[in-house]
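Each remark here refers to the structure printed beneath this line.
The values are calculated or read from the model by the stated rules, or taken from the named source; none is laboratory data. As the structure is a prediction and not an experimental result, all values here were calculated from the model. As a convention, Cβ positions derive from the backbone with ideal geometry for all residues, glycine included, and neighbour counts pool all protein chains shown.
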Amino acid sequence: PTELVEPMTAKSASTAAVTSSNPDACYINMMCELENDFENLDPMRRATVMLAVNNTAQCTGTFVNNTRNDGRLLILTATHCDADTSAPGPVVFTAYFDYETACGEDVKAANLADAPIAVNGNLLSRFDDLELLELTGDVPSSVDLYLMGLDASATVPATLTVAHHTHAYSKLYSEFNS
């Protein structure tokens, strides 16, 4: 089932911040962090997907809600995730749900073929380094999808938390202090 949501606030700092002296903080297994703060992190985990562009694992996508609050399956990602933005024709992407490894397992050894659910979609728009995608297929009922809200205020949280698939690894967790 799809759950429509308001913006989510960042959680309080509980792990090491990513700094030049601590680059491995980018590679925290999301499933391990989930054990520490399920209530705040589970919605982010459920909204994050691995994106493959033209059949190559590329980047992270985040499901976002829209102002109509109609459950439209929109994904926000970065344009640099699209391997060739100048290529003619439509960008074909696949969203992989639940691309995760259990806490204690090697996130770098994950295999995209092991991702249990994949749905195709199309590019809707591109602006600077942002792309808005929309799924063309239905999300199976077994996926507990969460649509993240967007906060249009000028307030920047002191701590930002992110679920991501850096280097096409299984789902990771990072925390940044502003």
**OP:** Among the residues of region 130-151, count how many are among the charged types (D, E, K, R) and part of a strand (DSSP E or B).
**Re:** 2
Subject >> Positions within region 130-176 being within 12 Å of G61 (Cα to Cα), crowded, with 17+ Cβ neighbours inside 10 Å and β-branched (V, I, T), in sequence order >> reply: V162
Original post:
Which one of these is over 19 Å from V64 (Cβ atoms) and either without any contact (Cβ under 8 Å) to a residue 40 or more places away in the chain or of a type in the set (K, R) (or both): S170, S153, S142, S125?
Top reply: S142
Original post:
T159 is checked against (1) modelled with pLDDT under 80; (2) within 15 Å of the chain's Cα centre (by Cα) and fails just one. What number does that condition carry?
Top reply: (2)
**OP:** Filter the strands (runs of 3 or more DSSP E) completely within region 10-129 down to those with at least 1 residues that are over 14 Å from the mean Cα position of the chain (by Cα), modelled with pLDDT under 85 and surrounded by 13 or more Cβ atoms within 10 Å (Cβ to Cβ).
**Re:** 48-53, 92-97, 117-127
Subject >> Subset tally (residues that are part of a loop (DSSP other than H, G, I, E, B) and of a type in the set (A, V, I, L, M)) for region 152-178 >> reply: 4
